[in-house]
1. Looking for whichever is at pLDDT below 80 and either surrounded by 15 or more Cβ atoms within 10 Å (Cβ to Cβ) or part of a helix (DSSP H, G or I) (or both) here; the options are 51, 56, 60, 19. Which one fits?
2. With (1) out of contact with any Phe, Trp or Tyr (no Cβ under 6 Å at 6 or more places or on another chain); (2) at pLDDT 75 or above; (3) part of a helix (DSSP H, G or I) as the list, and residue 123 as the residue in question, which single condition is left unmet?
3. May I ask you to list the residues in segment 109-131 that are polar (S, T, N, Q) and either open to solvent by less than 30 Å² (accessible area, probe 1.4 Å) or touching a residue at least 24 places away in the same chain (Cβ under 8 Å) (or both)?
4. From the residues in segment 135-152 that are among the charged types (D, E, K, R) and more than 18 Å from the chain's Cα centre (by Cα), which one is modelled with the highest pLDDT?
5. In segment 87-114, how many residues are in a helix (DSSP H, G or I) and over 20 Å from the mean Cα position of the chain (by Cα)?
6. Limited to segment 101-155, what total is found for residues that are in contact with a His (Cβ under 7 Å, 6 or more places away or on another chain) and farther than 25 Å from residue 87 by Cβ?
7. Sort out which residues of segment 22-43 are within 12 Å of the chain's Cα centre (by Cα) and open to solvent by 90 Å² or more (accessible area, probe 1.4 Å), and write them in order of number.
8. Need the failing condition index for residue 75 against (1) at pLDDT below 90; (2) in a helix (DSSP H, G or I), just the number.
Amino acid sequence: MPSESFLCTISYLLSELLASLAYPLESKDVERAGCDIMNVFFLFDVYTDAATPHEAQQLATVVMNALRNPKKSRPLGECVIGEIARQFIAKFDLYTAAVVQETQDRTENHIRAIDDYFLVRRQTIGAMPSFVLLHFELDMPDEVFQDPVIQRLENASADMISLCNVWLVC
């Protein structure tokens, strides 16, 4: 059995690789942010895997409070980044809530029907907050990303990421 430090190192390297593959055409700054976000996903996931539902909810609250209450105020004129942060926080909140639900399901040995499984899994895979980074340099109004066709494409993409994750883990 590999050591915990070895597994942490591998997880870190895989998260960096995943971010590089997810954002191959983005700027260095977006790529770096993608790496950082992937690390937050992996870290939150590792902590909640061994947590009770109550502990997972406490961790979700800590993470969301840290994201919602930054120590520095935003500089004037940073509205695009502020909007991206708003969208990321909203999607990350759904992610943490879904991971708490996944923990609850695991604790109760609850097995969801396939459609219900994908409703939760779309959030727990971490794709939705990650997609926000792709919006970063597009300079498009929020209405574009709220369009039902775009929403279905994001859902289908998250489903494919989930399926690939299952295949890679098994």
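1. Numbers: 51 fails: at pLDDT below 80; 56 fails: at pLDDT below 80; 60 fails: at pLDDT below 80.
Checking each option against the conditions leaves just 19.
2. With respect to (1) out of contact with any Phe, Trp or Tyr (no Cβ under 6 Å at 6 or more places or on another chain); (2) at pLDDT 75 or above; (3) part of a helix (DSSP H, G or I), residue 123 is out only on (1).
3. 123, 124, 130
4. Here the answer is 147.
5. The initial filter retains those residues of segment 87-114 that are in a helix (DSSP H, G or I), namely 87-107, 114.
Now drop any that are not over 20 Å from the mean Cα position of the chain (by Cα), which leaves 107, 114.
Total meeting the criteria: 2.
6. So the count comes out to 0.
7. Once the filter is applied, which keeps residues that are within 12 Å of the chain's Cα centre (by Cα) and open to solvent by 90 Å² or more (accessible area, probe 1.4 Å), segment 22-43 yields only 43.
8. (2)
The values are calculated or read from the model by the stated rules, or taken from the named source; none is laboratory data. Since the model is a prediction, treat every value here as computed from it, not as a measurement. As a convention, Cβ positions derive from the backbone with ideal geometry for all residues, glycine included, and neighbour counts pool all protein chains shown. What goes into the accessible areas is simple: the full protein's heavy atoms, side chains included, and nothing from ligands, DNA or RNA. Shrake-Rupley method; radii C 1.70, N 1.55, O 1.52, S 1.80 Å.
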